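Have a look at the structure below, then the notes.
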Amino acid sequence: EAQVTQNPRYLITVTGKKLTVTCSQNMNHEYMSWYRQDPGLGLRQIYYSMNVEVTDKGDVPEGYKVSRKEKRNFPLILESPSPNQTSLYFCASSFERGSSNEQFFGPGTRLTVL
Amino acid sequence: GQQVMQIPQYQHVQEGEDFTTYCNSSTTLSNIQWYKQRPGGHPVFLIQLVKSGEVKKQKRLTFQFGEAKKNSSLHITATQTTDVGTYFCAGPKKKTSYDKVIFGPGTSLSVIP
């Protein structure tokens, strides 16, 4: 089954404790992206990747890191989480560029930073 | 900077009534996409519009891209409870860039049976 998977689905952590949210897709997509969703703000792009080893900042990259060492995986790293990073996070992938191709979203990761 | 707005933010309708959400961009868009997110779910792609004035239909849903390619609308005829969710429009962050994506804040639709 074609899908985007994220882990964990729920996470409660404390300020400053490094964490990684994994994202994997099995559709051989070139483009992958991370979004955060906050009430009233819709989805805001954090980082995106055009292909392996090619990443770039989205609208809200501060406090986040990403890497794309393999085509299927695109982990999101929070080196020192803060309470303002409490949010619902979605990973997405598409065949090519995300703004001109259907993006497939993962189930989401709900993160709470205390 | 570039902004994408949607109105209304919330809409409550009686089942069987029509519903329309509007998406307005501060800049011209090369294309626009629409996604639907059910409560507790993830966004799901509905459609993409590319041409100025383009109109596309999917059963009871009608999508339109404005002549100036700065606005779009989604109209649902005779809403059903399965239409409940939040509808987002999305487009390229910049006119000539297909890499970054900007989403509108969404319109949340409630359908009263």
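Assorted remarks:
- Chain B: relative contact order as a whole-number percent, Cα under 8 Å and 6+ apart: 36
- For the protein assembly as shown, size of Cβ-based charge dipole, Lys and Arg +1, Asp and Glu -1, in debye: 340
- Gap separating the Cα centres of region B:61-113 and region A:20-98, nearest whole Å: 22
- Phi to ³J(HN,Hα) by Karplus 6.51 cos²θ - 1.76 cosθ + 1.60 over region A:47-60, Hz, x for Gly, Pro: 9, 9, 9, 7, 5, 4, 6, 10, 10, 8, 6, x, 7, 10
- Karplus-derived 3J(HN,Hα) values for region B:82-92, using 6.51 cos²θ - 1.76 cosθ + 1.60 with θ = phi - 60°, are 6, 7, 4, x, 10, 10, 10, 9, 8, x, x Hz; glycine and proline are entered as x.
- Simple point charges give the picture: +1 on the Cβ of Lys and Arg, -1 on the Cβ of Asp and Glu, and for region B:1-59 a dipole about the Cα centre of about 260 debye.
- Only protein atoms count toward the accessible area here, which uses a 1.4 Å probe; on chain B, the carbon and sulfur part of that area reaches 52 percent.
- Shape class of chain A from the Cα gyration tensor (axes a ≥ b ≥ c, square roots of the eigenvalues): prolate, since a/c reaches 1.5 or more and a/b is larger than b/c.
- Rounded to the nearest 20, the Cβ-based charge dipole of chain B about its Cα centre (Lys and Arg +1, Asp and Glu -1) stands at 480 debye.
- Karplus-derived 3J(HN,Hα), 6.51/-1.76/1.60, for each residue of region A:35-45, Hz, glycine and proline x: 10, 10, 10, 10, x, x, 10, x, 9, 10, 7
- Sparse packing (at most 10 other Cβ atoms within 10 Å of the Cβ) combined with a DSSP loop state is found for the following trypsin sites (Lys or Arg not before Pro) in region A:47-102: A:69.
- Chain pair B, A: total accessible area buried, heavy atoms, 1.4 Å probe, Å²: 1800
- Restricting the GluC sites (Glu not before Pro) of region A:3-91 to loop positions (DSSP other than H, G, I, E, B) with no more than 14 neighbouring Cβ atoms within 10 Å leaves A:53, A:62, A:70, A:79.
- Cα-only Debye scattering, region B:52-99: base-10 log of I(q)/I(0) at q = 0.16, 0.21 Å⁻¹: -0.57, -0.85
- Dividing the mean sequence gap of close Cα pairs (under 8 Å, 6+ apart) by how many residues chain A holds gives a relative contact order of 36 percent.
- All lysines inside 21 Å of residue B:59 as judged from Cα atoms, apart from same-chain residues fewer than 8 positions distant: B:36, B:51
- Take the Cβ atoms of residue A:12 and residue A:77, set R0 to 25 Å, and the FRET efficiency comes out at 0.90.
The values are calculated or read from the model by the stated rules, or taken from the named source; none is laboratory data. Predicted model only: the values in this text are computed from it and were never measured. Reconstructed Cβ throughout: ideal geometry from the backbone, glycine too, with neighbour counts over all protein chains shown. Side chains are part of the model used for accessible areas, which takes the heavy atoms of the whole protein and leaves out ligands, DNA and RNA. Shrake-Rupley method; radii C 1.70, N 1.55, O 1.52, S 1.80 Å.
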